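Engineer: Encoded as structure tokens, here's the structure I'll be asking about.
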Amino acid sequence: MSASQPTGSNGLTYAQSGVDIDAGNTLVKRIKPFVKATARPGADSEIGGFGGLFDLKSAGFTDPVLVAANDGVGTKLKIAIDSGAHATVGIDLVAMCVNDLVVQGAEPLFFLDYYACGALDIDVATDVVKGIAEGCRISGCALIGGETAEMPGMYRAGDYDLAGFAVGAAERGSLLPRGDAKAGDVLLALASSGVHSNGFSLVRRIVEHAGLDWSADAPFAPGTPLGTALMTPTRIYVKALLAALKAGAGIKALAHITGGGLPENLPRVLPDTLAARIDLSAIAVPPVFGWLAKAGGVAQSEMLRTFNCGVGMVVAVEADQADAVTAALAAEGESVTRIGTLQPRTGDEAVVFDGALAL
């Protein structure tokens, strides 16, 4: 045996290698009340086992099709870490997943998270998971499990990463897009809450170029620290859209406007024979985007393919039902604007823009 090999009472422990099992157990105890608050029919939201259970029959489905989505928060996490604002990134994580479920006509049922770090900070992790639970509560899905991975050497001190996994269901035959979109259908925009969770590598570069720190007054939101203003969580559209769909509104397709903006996300729900014609002047652009464009010298075309620019979700509806759908969504608290129509596609462009953004 080598003289340098630890033996007996001098043997190394897992804690000495940088992994604190006791801290992980403490975290589980802390987050149990938040997790329990997300209980819904089909799930009791207890954690601590090897897997989470969900009963589709108890949730009221008869012939369901399951829909799954996973996502992260991207480099918005760097702002959370650098500014110490961890309370809302969990909402972002849930939003990015459940909004992708509802655009397919699915009701989000349950959520699981993955939290990876170098050394577990129980207070930070508690804030993050509390936010995840809040996102689940807002979207009506149960937080039924997750994984906390402490990996010293993989992450620098204070850094962490997040991934989320959501599963939803829709009754067979009710999935979106419906497949009957046609020229003349109306496009409605649901307002975003801000930058949401895409484009933050560019955001951080612009902030650095402007010479600002996260505690500085936000140029686009006087009286609010820049870090706080940029951490405004992604809006969750689930309950409003599900209510409109269940009311029998004539929604034909939904598009979640994430990375790639309107030019990349709208074509994902359109047939090759149709193009979306968008009136940019109709979009209510939040002040944050005007500041980003000016401070970074970012062209309109680049803004449109990087950010949501004020449109978090697009709803395609039958023209004669546009007013009814607008009213149904507005009744659920959404800000709805008519921004365009579908038309026959005559070239390669699936999205055609008129006018200019109010940047």
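Engineer: Please calculate the 1.4 Å probe accessible area of residue 139, with all protein chains present, and give it to the nearest 10 Å².
Structural biologist: 10
Engineer: Let me ask something else. What percent does the relative contact order of segment 167-268 come to when contacts are Cα pairs within less than 8 Å and at least six residues apart? Walk me through the intermediate numbers first.
Structural biologist: Working: 68 pairs, mean separation 32.1, N = 102.
Relative contact order of segment 167-268: 31 percent.
Engineer: Follow-up question, since we're still on this one. Give me the accessible area of residue 273, 1.4 Å probe, in Å² rounded to the nearest 10.
Structural biologist: Taking all protein chains as shown, residue 273 has close to 100 Å².
Engineer: Between residue 348 and residue 182, how high is the FRET efficiency from 1/(1 + (r/R0)^6) when r is the Cβ-Cβ distance and R₀ = 22 Å? Nearest 0.05.
Structural biologist: Values: r = 20 Å, r/R0 = 0.92.
It comes out at approximately 0.60.
Engineer: Let me ask something else. Could you give the length gained by full extension between residue 20 and residue 122, i.e. 0.36 nm per residue of separation minus their alpha carbon distance, to one decimal place? If you can, show how the numbers build up before the last one.
Structural biologist: Values: separation 102, 0.36 × 102 = 36.72 nm, distance 1.06 nm.
Length gained between residue 20 and residue 122: 35.7 nm.
Engineer: Along the positive direction of the dipole of the chain (beta-carbon charges: Lys, Arg +1; Asp, Glu -1; about the Cα centre), which of 225, 346, 331 reaches farthest?
Structural biologist: The Cα lying farthest towards the positive end belongs to 331.
Engineer: Next up: Filter the DSSP H helices in the chain by two things, a Kyte-Doolittle mean of at least 1.0 and an axial alpha-carbon span of 18 angstrom or more, and list the hits by number.
Structural biologist: Values: long enough: 21-36 (23 Å, -0.01); 89-102 (20 Å, 1.73); 122-139 (25 Å, 0.61).
The qualifying helices are 89-102.
Engineer: To continue, here is another question. For the chain, build the convex hull from the C-alpha positions and give me its volume per residue in Å³.
Structural biologist: Spread over its residues, the Cα hull of the chain gives 176 Å³ apiece.
Engineer: Also: Where the centre of each part is set by its Cα atoms, how far does segment 143-207 sit from segment 298-359, in angstrom?
Structural biologist: 19
Engineer: Calculate the spin-label point distance for residue 356 paired with residue 295, positioning each point 7 Å from the Cα along the beta-carbon direction, and give it in nanometres.
Structural biologist: Distance between the two pseudo-spin positions: 2.2 nm.
Engineer: I would also like to ask the following. Evaluate the charge dipole of the chain about its Cα centre and quote only its size in Debye, nearest 20, assuming +1 on the Cβ of each Lys and Arg and -1 on the Cβ of each Asp and Glu.
Structural biologist: Working: 26 positive and 38 negative charges, 49 e Å.
So the magnitude is around 240 debye.
Engineer: Further, regarding this structure: Divide by every residue of the chain the summed helix terms, -39500 (n - 2.57) for each DSSP H run of at least 4, and state the resulting mean residue ellipticity at 222 nm, rounded to the nearest 500 deg cm²/dmol. It would help to have the intermediate numbers written out before the result.
Structural biologist: Values: 11 runs with 113 residues, N = 359.
The per-residue figure over the chain is -9500 deg cm²/dmol.
Engineer: Is segment 219-359 rounded, prolate or oblate when judged by the Cα gyration tensor, a ≥ b ≥ c being the square roots of its eigenvalues, rounded requiring a/c under 1.5 and prolate requiring a/b larger than b/c?
Structural biologist: Values: a/c = 2.19, a/b = 1.26, b/c = 1.73.
Because a/c hits 1.5 or more and a/b fails to exceed b/c, segment 219-359 counts as oblate.
Engineer: How would 197, 83, 301 line up by accessible area, probe 1.4 Å, largest first? Show your work: numbers first, answer last.
Structural biologist: Numbers: 197 10, 83 45, 301 80 Å².
Highest to lowest solvent-accessible surface, that is 301, 83, 197.
Engineer: Quick one: of the DSSP bridges fully inside segment 1-152, what percent are antiparallel, nearest 5? Numbers along the way, then the final one.
Structural biologist: On the way: 1 of 9 bridges.
Here the share of antiparallel DSSP bridges comes out near 10 percent.
Engineer: Oh, and also: Mind ranking 32, 57 by accessible surface for me, highest first, 1.4 Å probe?
Structural biologist: Details: 32 90, 57 170 Å².
Ranked list, largest accessible area first: 57, 32.
Engineer: A further question follows. Using a Förster distance of 41 angstrom, determine the FRET efficiency expected from the C-beta separation of residue 279 and residue 82, and round it to 0.05. Could the numbers behind the result be given before it?
Structural biologist: On the way: r = 38 Å, r/R0 = 0.92.
The calculated FRET efficiency here is 0.60.
Engineer: Report the label-to-label distance for residue 228 and residue 149 in nanometres (one decimal), using points 7 Å from each Cα along the Cα→Cβ vector.
Structural biologist: Between residue 228 and residue 149, the label points sit 3.5 nm apart.
Engineer: Considering only DSSP beta bridges where both residues belong to the chain, give the percentage that are antiparallel (nearest 5).
Structural biologist: Bridges in the chain are about 75 percent antiparallel.
Engineer: Can you tell me, using C-alpha contacts under 8 Å and at least 6 residues apart, the relative contact order of the chain as a whole percent? All intermediate terms of the calculation are to be shown ahead of the outcome.
Structural biologist: Values: 762 pairs, mean separation 73.7, N = 359.
Contact order relative to length: 21 percent.
Engineer: Here's something else I'd like to know. Relative to the present Cα-Cα distance, how much length would full extension add between residue 28 and residue 56 at 0.36 nm per residue of separation?
Structural biologist: Values: separation 28, 0.36 × 28 = 10.08 nm, distance 2.62 nm.
Fully extending the segment from residue 28 to residue 56 adds 7.5 nm.
Engineer: Separate question: Work out the length of the dipole vector of segment 222-359 about its Cα centre, built from +1 on the beta-carbon of each Lys and Arg and -1 on the beta-carbon of each Asp and Glu, and round it to the nearest 20 debye. Walk me through the numbers on the way to the answer.
Structural biologist: On the way: 10 positive and 12 negative charges, 68 e Å.
Rounded to the nearest 20 debye, it is 320 debye.
The values are calculated or read from the model by the stated rules, or taken from the named source; none is laboratory data. These numbers were taken from a predicted model, which means no experiment stands behind them. Ideal geometry is used to build each Cβ from the backbone, glycine not excepted, and the neighbour counts take in all protein chains shown. We work out accessible area using only protein heavy atoms, side chains counted, and drop any ligands, DNA or RNA first. Shrake-Rupley method; radii C 1.70, N 1.55, O 1.52, S 1.80 Å.
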